[in-house]
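The values are calculated or read from the model by the stated rules, or taken from the named source; none is laboratory data. Computed from a predicted model, the values in this text were never measured in an experiment. Cβ placement follows ideal geometry from the backbone for every residue including glycine, while neighbour counts extend to all protein chains displayed. For accessibility, only protein heavy atoms count, side chains too; no ligands or nucleic acids. Shrake-Rupley method; radii C 1.70, N 1.55, O 1.52, S 1.80 Å.
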Amino acid sequence: MTETLSFRLEQIRASIAKAHMASPLSATMPQLVAVSKGHPLCAVEEAYKAGQRHFGENKVQEAEEKFTALKKLYKDVVLHGIGHLQSNKAKNAVALFDVIHSLDRPSLADALAAEMVRQGRQVPCFVQVNIGEEPQKGGVMPQDLAQFLAYCRERNLPVTGLMCIPPAQKNAAHFFGLLHHLAKGAGVNVLSMGMSGDYEQAIRFGATHIRIGTAIFGERA
Ligand SMILES: *Cc1c(COP(=O)(O)O)cnc(C)c1O
């Protein structure tokens, strides 16, 4: 890409604002989460200097390497964990992440709940829904969502939203609509959905958090 990172961020912010204005289901301005996985710390710092505060990483170790020191330096950085989380990483995840988008099974709910108590730190969690019901993908099946939400609440987990990754090569709008519908039924109004290629559609269906990597930072190695 030839344009600068700050130019690309400006363009994306403008199209987020435009999609928000045009979407009756978009109640609040969506939060842009800049997904920096696969990109070096200097790219994160460049985005920070361009005003970006929310970042997303999908691996705990990579996130620690880039963000542990950075978060001490820049207290207003908000770090989102967006990738599959092993239960044995719950301790590090609770210590590092400010939001977790990938709560997807009872064993992880147990591990996160125990760590939050132990560390005295409440980290808002989004339940990842396997919206396309794909066997190879993580996430709670739509028909199991109500039961899983109840399970999390019994453990006092701060579950505040739902997240999805629609099936590749399919009409994403259909799946954003489904997640919106599920959330409404469950009384949840925070929705993490939409990536570089489809975030405007996600905003049409009420996305409150969009996770954008490539369109900001370029292709990953
Ligand atoms: C990598 C990733 C993104 C960002 O994808 P882009 O297509 O690069 O914008 C969003 N969400 C999750 C869960 C990811 O792993």
**Prompt:** Where Lys and Arg each count +1 and Asp and Glu each count -1, what net charge lies around residue 166 among other residues with Cβ under 13 Å from its Cβ?
**Reply:** 0
**Request:** Kindly state, to the nearest 0.05, the FRET efficiency for residue 141 paired with residue 3, given R0 = 35 Å and r defined as their beta-carbon distance.
**Result:** 0.30
**Message:** Could you sort 67, 205 by their accessible area in this structure, using a 1.4 Å probe and putting the largest first?
**Reply:** 205, 67
**Request:** Would you mind calculating the relative contact order of the chain from Cα pairs under 8 angstrom and at least 6 residues apart, reporting the percent as a whole number?
**Result:** 23 percent
**Item:** Rounded to whole Hz, the Karplus (6.51, -1.76, 1.60) HN-Hα couplings of region 33-41, x for glycine and proline
**Value:** 9, 7, 8, 9, 3, x, 10, x, 3
**Complete:** By the Cα gyration tensor axes a ≥ b ≥ c (a/c under 1.5 gives rounded; else a/b larger than b/c gives prolate, otherwise oblate), the shape of region 1-132 is oblate
**Asked** Around residue 90, what is the net charge, scoring Lys/Arg as +1 and Asp/Glu as -1 over all other residues with Cβ under 11 Å from its Cβ?
**Response** +1
**Item:** Label-to-label distance, nm, for residues given as residue 75 and residue 110 (7 Å Cα→Cβ offset)
**Value:** 3.8 nm
**Asked** Just by accessible area at a 1.4 angstrom probe, what is the order of 208, 68 from largest to smallest?
**Response** 68, 208
**Hz values of 3J(HN,Hα) by residue in region 78-87 - Karplus curve (6.51, -1.76, 1.60), Gly and Pro given as x** = 10, 9, 9, x, 10, x, 3, 10, 6, 4
**Message:** Quick query: amide H of residue 128 versus all other amide H atoms, modeled in the peptide plane; which residues come in under 5 Å with a sequence gap of 5 or more or a different chain?
**Reply:** 103, 104, 140, 163
**Complete:** So for region 144-192, using the alpha carbon gyration tensor with a ≥ b ≥ c as root eigenvalues (a/c under 1.5 gives rounded; past that, a/b versus b/c decides prolate or oblate), I'd call it prolate
**Request:** For every other residue with a beta carbon closer than 12 angstrom to the beta carbon of residue 130, add +1 if it is Lys or Arg and -1 if Asp or Glu, then tell me the sum.
**Result:** -2
**Item:** Rough spin-label spacing in nm, given labels placed 7 Å along Cα→Cβ, for residue 134 and residue 160
**Value:** 2.8 nm
**Message:** Run lengths n ≥ 4 of DSSP H only: what is the helix-derived mean residue ellipticity at 222 nm for the chain, with -39500 (n - 2.57) per run over all residues, to the nearest 500?
**Reply:** -13000 deg cm²/dmol
**Asked** Among rounded, prolate and oblate, which fits the chain when a ≥ b ≥ c are the square roots of the eigenvalues of its C-alpha gyration tensor, a/c under 1.5 means rounded, and a/b larger than b/c means prolate?
**Response** oblate
**region 45-115: trypsin sites (Lys or Arg not before Pro) in DSSP loop, at most 13 other beta carbons within 10 Å** = 75
**Item:** Alpha carbon centroid spacing (whole Å) that separates region 1-44 from region 139-174
**Value:** 24 Å
**Request:** Hey, for a label at residue 25 modelled as a point 7 Å past Cα toward Cβ, could you say which residues of region 149-183 have their backbone N under 16 Å away?
**Result:** 162-167, 171-183
**Request:** Could you calculate the FRET efficiency of residue 150 with residue 87 from 1/(1 + (r/R0)^6), where r is the beta carbon distance between them and R0 is 25 Å, rounded to 0.05?
**Result:** 0.80
**Complete:** The long-range amide H neighbours of residue 31, using H built 1.01 Å from N in the peptide plane and a cut-off of under 5 Å, are 209, 210
**Fill in**
Sorted by chain and number, the residues with a modelled amide H under 5 Å from that of residue 54, at a separation of 5 or more or across chains, are 34, 78
**residue 14 paired with residue 184, simple spin-label distance in nm, labels 7 Å along Cα-to-beta-carbon** = 3.3 nm
**Message:** Whole-Hz ³J(HN,Hα) for each residue in region 16-26, computed from phi via Karplus 6.51 cos²θ - 1.76 cosθ + 1.60 with θ = phi - 60°, x for glycine and proline: what do you get?
**Reply:** 5, 4, 5, 5, 4, 4, 8, 10, x, 7, 8
**Asked** Build a GNM of the chain with springs between Cα atoms under 10 Å: which of 191, 85, 179 gets the top mean-square fluctuation?
**Response** 85
